[in-house]
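The values are calculated or read from the model by the stated rules, or taken from the named source; none is laboratory data. As the structure is a prediction and not an experimental result, all values here were calculated from the model. Virtual Cβ from ideal backbone geometry, glycine too; neighbours counted across all protein chains shown. Keep in mind that these areas ignore ligands, DNA and RNA; they rest on the heavy atoms of the full protein, side chains included. Shrake-Rupley method; radii C 1.70, N 1.55, O 1.52, S 1.80 Å.
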Protein chains: 2
Amino acid sequence: MLNGQTVADFMKEEMTAKVAVLKEKGITPCLATILVGDDPSSETYVRMKGNACARIGVHSIKVVLPAETTTEQLIQEITKLNEDVSVHGILLQHPVPHHIDERAAFDAISIEKDVDGVTTLGFALNAFGVAAFPSCTPQAIIRILDFYNVPIEGKHAVVIGRSPILGKPVSAMLLNRNATVTTCHSKTVNLEEIVKSGDIVIAAVGKPNFVKGSWIKPGAVVIDAGYNKGNIGDVDYSSCLTPSSAITPVPGGVGPVTIATLIEHTIKSASMQSEKTS
Amino acid sequence: MLNGQTVADFMKEEMTAKVAVLKEKGITPCLATILVGDDPSSETYVRMKGNACARIGVHSIKVVLPAETTTEQLIQEITKLNEDVSVHGILLQHPVPHHIDERAAFDAISIEKDVDGVTTLGFALNAFGVAAFPSCTPQAIIRILDFYNVPIEGKHAVVIGRSPILGKPVSAMLLNRNATVTTCHSKTVNLEEIVKSGDIVIAAVGKPNFVKGSWIKPGAVVIDAGYNKGNIGDVDYSSCLTPSSAITPVPGGVGPVTIATLIEHTIKSASMQSEKTS
């Protein structure tokens, strides 16, 4: 089993040391989270991220906006945070209410503070291998593969899902690590057959228990980046456990590493800012 | 055979009509080309693009810079063209001499004038399906497939190559058109086997006659976007002709459509600018 908590704990040690160094210079890394509306899952995620910051000594501030906030109002709040020098990272909790132009809101985040890796420009910099802050969940997936020494180069990676913050960036990152990458989605014909050709399978589709054990090539590595209410993964864990050589569980897989990555980026942003001003 | 010249001729008629409308409003679309150094192939390409503009009534200006131009000097020239309201599109002929930071130069082109679709931001907008001007060669490939009614949705497209201006954007565009997309490259293991699973094969690798007929699934559509000196394609045309159901030749395939696309984007840029100022 690829234990995400183990990876996150390892990252925590590194991060705690870095935060101590920054604090000696009088800098406390600070993450601003923005929550629009009162979706209970989103509230939980934002609270978890705040708690994780606290455990590492990173400051977090929480901006809570009513469900009826307009795109313009949301962008105004983001602009304030962009201009606030005490804020090093901005996270806009996804999804926002339907009437908001989410893409416009994401792109209002300044690239220096886009620690969640959600901006359009950040995506391209990431695809070209030069981003400061890759999208967090894709970066967490790569982190887990690296931590457990799973070879990526020359392997056939099959990504199920093509969202701008998960399927597309993880495909780009695996490609930059020299995997041969196939990106699948709802219109894919023969999905089962294609998944079966994968040495590494990334499930990022948002359908509970969607990927079955019979789809997995013996010895393949299976990463479950599912994002479903009730904390159920995209991968039918029990049936996939036998054919796979390694697999991430839900919970305790990609999730904790994603949160750790977000904080790592916030700390990095604070370091970069301190270098610029020193 | 998928005849690129036929597609380009069709586009030419459309474009000529659009230019006439713009000229009635007192606007002549203008493409600025920049050539750094004296590579004979690049000179030929730039000349071909200028001639194609002339045939459609689009004005073109040619900026020729010595091989020893620095990145800073090149960016200064680009900035001047960005600010020149009579210029609607800017093309920096690729490749530039090695000492120049090509990515920085591309990204100096303002997004409104990036008719060749080479900027980092343009790539991401394209990947997210909202770019004004997708990268020209990828766009030409899609144009040819559409012109000849080749279905894309649900098909398995295999792209060989991952350059920022060809392999990566064409993969993104085929994905946005609901193909299942596999991106291959120099580190791909079992390339032949993967190509053989493709319903649509895009060769964008830059190796003369690289793709062999024995790699092609019977009935597959083969697009040769090769970019080799001496005008030799990536596809071994004679051996691929039999198994494929349709194939683009070199010359007379993707090339003329790419040039037509560049001019189409320049005309579109001029239209967009005239709407903004009117």
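A compact table of results
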| quantity | calculated |
| --- | --- |
| Single condition B:ILE100 does not satisfy, out of (1) buried (at least 18 other Cβ atoms within 10 Å of the Cβ); (2) out of contact with any Lys or Arg (no Cβ under 9 Å at 6 or more places or on another chain); (3) without any contact (Cβ under 8 Å) to a residue 60 or more places away in the chain | (3) |
| Residue list for the range A:144-153, filter: within 14 Å of chain B (Cβ to nearest Cβ) and touching a helix residue (DSSP H, G or I) at 6+ places or on another chain (Cβ under 9 Å) | A:PRO151, A:ILE152 |
| Identity of the residue in the range B:173-183, hydrophobic (A, V, I, L, M, F, W, C) and not in a helix (DSSP H, G or I), that ends up nearest to A:GLY167 (Cα to Cα) | B:VAL181 |
| Residue match in the range A:154-161 (condition: within 9 Å of chain B (Cβ to nearest Cβ) and surrounded by fewer than 17 Cβ atoms within 10 Å (Cβ to Cβ)) | yes |
| Wholly enclosed helices (runs of 4 or more DSSP H) of the range A:184-278 bearing at least 3 residues under 30 Å from B:ILE152 (Cβ atoms) | A:191-195 |
| Hits in the range A:123-153 (condition: surrounded by 24 or more Cβ atoms within 10 Å (Cβ to Cβ) and outside any helix (DSSP H, G or I)) | A:PHE133, A:PRO134, A:SER135 |
| Residue match in the range B:218-236 (condition: over 19 Å from B:GLY253 (Cβ atoms) and at the interface with another protein chain (Cβ under 9 Å from one of its Cβ atoms)) | no |
| Residue match in the range B:134-155 (condition: more than 16 Å from the chain's Cα centre (by Cα) and outside the structural domain of B:VAL221 (by TED's automatic domain parsing)) | no |
| Filter result for B:VAL189 (within 11 Å of chain A (Cβ to nearest Cβ) and either open to solvent by less than 10 Å² (accessible area, probe 1.4 Å) or modelled with pLDDT under 95 (or both)) | no |
| Filter pass, B:VAL221 being open to solvent by less than 40 Å² (accessible area, probe 1.4 Å), closer than 18 Å to B:SER197 by Cβ and either in contact (Cβ under 8 Å) with a residue 24 or more places away in the chain or out of contact with any Lys or Arg (no Cβ under 9 Å at 6 or more places or on another chain) (or both) | yes |
| Residue in the range B:55-65 that is open to solvent by less than 40 Å² (accessible area, probe 1.4 Å), closer than 21 Å to B:PHE106 by Cβ and at pLDDT 95 or above present | yes |
| Top-ranked residue of the range A:82-97 - restricted to ones that are under 19 Å from A:ILE267 (Cβ atoms) and more than 17 Å from the chain's Cα centre (by Cα), ranked as most open to solvent (accessible area, probe 1.4 Å) | A:VAL85 |
| Count - residues of the range A:224-235 that are among the small types (Gly, Ala, Ser) and open to solvent by 30 Å² or more (accessible area, probe 1.4 Å) | 1 |
| Which numbered condition B:GLY206 misses (of (1) away from chain A (no Cβ under 11 Å); (2) buried (at least 24 other Cβ atoms within 10 Å of the Cβ); (3) modelled with pLDDT under 95) | (2) |
| Verdict on B:VAL254 being open to solvent by less than 20 Å² (accessible area, probe 1.4 Å) and within 24 Å of the chain's Cα centre (by Cα) | yes |
| Condition check for B:VAL170: more than 10 Å from every other protein chain (Cβ to nearest Cβ), within 19 Å of the chain's Cα centre (by Cα), closer than 30 Å to B:VAL130 by Cα and assigned to a helix (DSSP H, G or I) | yes |
| Condition met for B:SER214 (in contact with a Lys or Arg (Cβ under 9 Å, 6 or more places away or on another chain) and surrounded by fewer than 17 Cβ atoms within 10 Å (Cβ to Cβ)) | yes |
| Evaluation of B:PRO164 against (1) touching a residue at least 12 places away in the same chain (Cβ under 8 Å); (2) facing chain A (nearest Cβ under 7 Å); (3) of a type outside the set (Ser, Thr, Tyr); (4) within 16 Å of B:TRP215 (Cα to Cα) (one fails), failing number | (4) |
| Test: residue in the range A:225-244 that is within 16 Å of A:GLY161 (Cβ to Cβ), at pLDDT 95 or above, in contact with a helix residue (DSSP H, G or I) (Cβ under 8 Å, 6 or more places away or on another chain) and hydroxyl-bearing (Ser, Thr, Tyr) | no |
| Evaluation of B:VAL58 against (1) touching a residue at least 40 places away in the same chain (Cβ under 8 Å); (2) over 20 Å from the mean Cα position of the chain (by Cα) (one fails), failing number | (2) |
| Residue selected from the range A:87-135 under the condition farther than 25 Å from B:SER163 by Cβ and of a type in the set (Gly, Ala, Ser), by the criterion nearest to the other protein chains (Cβ to nearest Cβ) | A:ALA104 |
